[in-house]
Amino acid sequence: MTLSADNSPTNICIVGASGLIGVRHTLYCLSSPLVNLTCIVDPAPAGAELAAKHKLTYFSDVDEMLVAQGAGNVLVEGVILATPNATHVPLGIKVVKAGIHALVEKPMSVTIESGRSLIAEAKKPGCGKILVGHHRRFNTYAFEAKKMIDEGKLGRVLAIQGTWTLLKPPSYFLPTNILAKGACKWRYDSHQPRTRA
């Protein structure tokens, strides 16, 4: 697979679409003329609901999507992996082995060794490429600060200390209403990586 050099829409699949960032990726992809969001992969009922709401093809796991993609039933040139951290490497390897490019949410991996295994797989001939979603480096505020420094508006900068804060809903940190049912166990148990998404 080669990266498109023109402005034709790229066929994208979002894996983990019902989570906090997955929903944002979904809405952005639906609004961009450069993206054709073809499907959603998400084991949660909210993923199926999101797919139905936007008339997208739905899969409950990556393997199911890859079979459909291999059979030509769905077009996928790239995926956005917006899944729990411990799943990034196993899912990323499956996807790039299929020749599909992947935007992997940060962190790319939970260990250095597993991260290296994903990089090694993506370097193999015929495999998809990976990009880690370090999006804040492209933030307008960062660009403006760099511009001000480059133009000398702040004088000689010797050091910078910064804090990035934002408001996330309480359910992101402690989803007590569903934790009792085990639905968010992955957030608290790094020894049990979910490999299905």
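Computed from the coordinates by the stated procedures, all read-outs in this text should not be read as laboratory data. Here the structure is a predicted model, which means the values were calculated and not measured. With ideal geometry, Cβ positions are generated from the backbone for all residues, glycine too; neighbour counts draw on all protein chains shown.
What does the extension gain come out to for GLN161 and LEU131, with contour length at 0.36 nm per residue minus their alpha carbon separation?
8.1 nm
Students often forget the sequence filter, so: which lysines lie under 30 Å Cα-Cα from LYS147 once same-chain residues fewer than 8 apart are removed?
Partners found: LYS106, LYS168.
Once the Cβ-Cβ distance between SER32 and THR140 is put in as r, and R0 is 25 Å, what FRET efficiency do you end up with, to the nearest 0.05?
Taking R0 as 25 Å, the efficiency between SER32 and THR140 is 0.90.
Between ALA44 and LEU154, what's the calculated FRET efficiency when r is the beta-carbon distance and R0 is 41 Å? Round to 0.05.
For ALA44 and LEU154, the calculated efficiency is 0.35.
If the cut-off is a Cα-Cα distance under 13 Å, which aspartates and glutamates reach LYS153, setting aside same-chain residues fewer than 8 apart in sequence?
Reachable aspartates and glutamates: GLU144.
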